[in-house]
Structure formats: structure tokens, C-alpha cells
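J.: Input: one structure, supplied below.
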Amino acid sequence: MKRVFTPESPYKKQAKFAAILWTLLIFVACFTPAKEIPKVDVPMMDKWVHIILFGGFTFLWLCAHPVLHIRTFIILFVISVLFGSFIEIMQGILTFLGRSREFMDVVADSIGGALGIALFFLIAYRVQKSV
């Protein structure tokens, strides 16, 4: 399992497949019509969902391309923010979904993206230290 977090990982194909599926999950979740989403009485539940979705997004894409360079982290973070922004813009345009464009969702997406990168970095760093 430790080899997942190294550039020589033999699991890159599986991680890429998981990352693609996760990306598709984000699309499905974010473009599901509002009336089909169950109401949950948890404060800021929507924001937590965005954090988890985009944390998983960056984490899985880093597993697919396990490189420990700040440039890679920054590029993936920017992709995460742009992806979240694109989704919010589309939710605002596609009014028939009953969804709305919310700036705070982009903030939650960004936080999730940063947390996914941080989690990958911490695990990869610990793995490399233990080898």
C-alpha cells in the first residue's frame, strides 16, 4: 500500500480509474436536480459535501500522478478551483435544475482541494520517511 504514494507506484492505472469515477461522481452530484436531493437538517451540510467531494478529487488525482513537487500541487489546486467554479457557473446557467450559483460552494471546493492535497502530501511524506 505504501507504494501508492510514490512516483514508481504500480497502482497508477487503478488510481486514475478511481479519479475519473470520482470526477464523474462530482458531475452527477452537482447536476442532480434540487428536488431530487434529500433534505438534511445538518448545518452547512452542503459545504461539507463540497469539501469531501473536492478533497477526494485532488487526493485521487494525486494518487494517479504521485509526484511530490509544489508545482504539481499548485496546478492541481488551480484545476480544483476552476472545476468548482465551472460547476457553480453552470448551476447558475442551468436554472431548470433548481440549483443556484453560490460563491461559498467555490470556497468549500477550494478548501476541500487544499485538504486533499495536504492529506496526500502528509501520507506520502510519512511513507518516504519510513522507507
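J.: Based on other C-beta atoms within 10 Å, arrange 11, 125 from fewest to most.
T.: By the 10 Å Cβ count, ascending, the order reads 125, 11.
J.: If you plug each phi of the stretch 20-30 into the Karplus form 6.51 cos²θ - 1.76 cosθ + 1.60 with θ = phi - 60°, what whole-Hz ³J(HN,Hα) values come out, in order, with x for Gly and Pro?
T.: Values per residue, Gly and Pro as x: 5, 4, 5, 4, 5, 4, 4, 4, 4, 5, 7 Hz.
J.: Further question on the same structure: Given points 7 Å out from each Cα along the Cα-Cβ axis, report the residue 41 to residue 16 separation in nanometres with one decimal.
T.: Here the modelled spin labels are 4.8 nm apart.
J.: Counting alpha carbon pairs within less than 8 Å and at least 6 residues apart, what relative contact order, in whole percent, applies to the chain?
T.: Result for the chain is 37 percent.
J.: Suppose the Debye formula is applied to equal point scatterers at every Cα of the chain; what is log10 I(q)/I(0) at q = 0.10, 0.12 Å⁻¹?
T.: Listed by q, the Debye log ratios stand at -0.35, -0.49.
Each value in this text was obtained by applying a stated rule to the coordinates, not by laboratory testing. All values derive from a computational prediction rather than experimental measurement. In this analysis, Cβ positions are derived from the backbone assuming ideal geometry, glycine residues included, and neighbour counts consider all displayed protein chains.
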